[in-house]
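Peer 1: One structure coming up, written as C-alpha cells, with questions to follow.
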Amino acid sequence: MYKLYEMLLKIKVMMSNNKIEADFLQMIGKSAFLINESDRQMKYPLTEQGLNKLKEELKTLESVKRPIANNRVKAARRFCDFNEDATFQEAVQELAQIDKRRKQIEHIIRHATIIEKDTKETTIKLGSTVTFQELPHHHTETYTIVGKAEANPLEGTISIESPFAKGLLGAKRNDIVPIYTPEGEIKVKVLAIH
C-alpha cells in the first residue's frame, strides 16, 4: 500500500473531476485491473437472469458507488498528509476496489454466452435446475447449474466446476449419483430436472 502513496506523491493531482479521474486511473489502472492472460479467451456461460444481474451491478457501481467513492477521495485529499492519513488510504482503496470490480464485470459481460434453457431436458447439463435428495438423510435441495461467474449457493446456483455439479452432469431423473467432495463421497438421488 505504501507504494501507492509514493506514486500519489509523485504525481500532481488536479482539482477538476476529469483530471483527478484520469490521473488516478492512469496511475493504478495498468497494474490493478489487468485480466489474467488465460481469462482473455475465456467464455463465461450465464443465464439471462445472471447477465441481467451483472448489468444491474455494473450500473450501480458506475452511477452510485463510484461517484461517492470519488468524492470521498477528493474530500480526504484536501485535508490529509498522503503518507499517514488513514481516511485517504481507505478512500483510495475503496475506489480501486470499485474500479476493479467494474472492469471484471465489463470483461465477463463482453465474453458472456447465454445458456439456452431446454424445456424438455432429460439429462442434467449446464443451465439445468436440479432437485435432489441426499442419501441416506433424505435432505432435499434444489440448485441451478451455472457458470462460475454467477454461482452463488446461497441463492440456489452452483458452479459447473463444483464437485456437486460435476457429479450431477449427465444424470437423469431417479439416478443415484456419487458426489466426490473434499469431505468424502456422498450419494444423491435425482428427483427432478427443471
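The values are calculated or read from the model by the stated rules, or taken from the named source; none is laboratory data. Remember, predicted model here, so these are calculated numbers, not experimental data. Glycine gets a Cβ as well: all are built from the backbone with ideal geometry, and neighbour counts include every protein chain shown. Keep in mind that these areas ignore ligands, DNA and RNA; they rest on the heavy atoms of the full protein, side chains included. Shrake-Rupley method; radii C 1.70, N 1.55, O 1.52, S 1.80 Å.
Peer 1: List the pairs from K59/K120; K100/K125; K74/K148; K65/K117; K100/K172; K55/K117 whose alpha-carbon separation is above 30 Å, in the order I gave them.
Peer 2: Working: K59/K120 35 Å; K100/K125 32 Å; K74/K148 36 Å; K65/K117 34 Å; K100/K172 41 Å; K55/K117 20 Å.
From the list (K59/K120; K100/K125; K74/K148; K65/K117; K100/K172; K55/K117), the Cα-Cα distance tops 30 Å for K59/K120; K100/K125; K74/K148; K65/K117; K100/K172.
Peer 1: Which residue, chosen from P178, I124, T142, occupies the Cα position most advanced towards the positive end of the dipole of the range 117-194, where the dipole is computed from +1 (Lys, Arg) and -1 (Asp, Glu) charges on Cβ about the Cα centre?
Peer 2: Result: I124, furthest along the dipole toward the positive end.
Peer 1: Starting from the Cα of L126, move 7 Å in the Cα-to-Cβ direction to define the label point; list residues of the range 147-163 whose amide nitrogen is under 12 Å from there.
Peer 2: 147-150, 160-161
Peer 1: What do you reckon, how do Y143, Y180, Y44 stack up by accessible area (1.4 Å probe), largest on top?
Peer 2: Details: Y143 45, Y180 145, Y44 20 Å².
So, going from the largest accessible area down, we get Y180, Y143, Y44.
Peer 1: Shape verdict for the range 89-132, please, from the Cα gyration tensor: rounded (a/c under 1.5), prolate (a/b greater than b/c) or oblate.
Peer 2: Details: a/c = 7.06, a/b = 2.85, b/c = 2.48.
Prolate.
Peer 1: Rg(Cα) of the range 109-194 divided by 2.2 N^0.38 Å? Display every interim value, and only then the final one.
Peer 2: Values: Rg = 12.7 Å, N = 86, 2.2 N^0.38 = 12.0 Å.
After normalising by residue count via 2.2 N^0.38 Å, the value is 1.06.
Peer 1: If you add up the charges near K117, with Lys and Arg at +1 and Asp and Glu at -1, over every other residue whose beta carbon is less than 11 angstrom from its beta carbon, what do you get?
Peer 2: Values: positive: K120, K125; negative: E48, E116, D118, E121.
Around K117, the surrounding residues sum to -2.
Peer 1: Next question. Just the accessible area for H111, please: 1.4 Å probe, Å², rounded to the nearest 10?
Peer 2: Rounded to the nearest 10, the figure is 40 Å².
Peer 1: Net charge near K189: determine it from the other residues with C-beta under 10 Å of the C-beta of K189, scoring Lys and Arg +1 and Asp and Glu -1.
Peer 2: Numbers: positive: R173, K187; negative: E134, D175.
Net of charged neighbours comes to 0.
Peer 1: Quick query: amide H of K187 versus all other amide H atoms, modeled in the peptide plane; which residues come in under 5 Å with a sequence gap of 5 or more or a different chain?
Peer 2: For K187, whose amide H was placed from the backbone, the distant partners under 5 Å are L135, I179.
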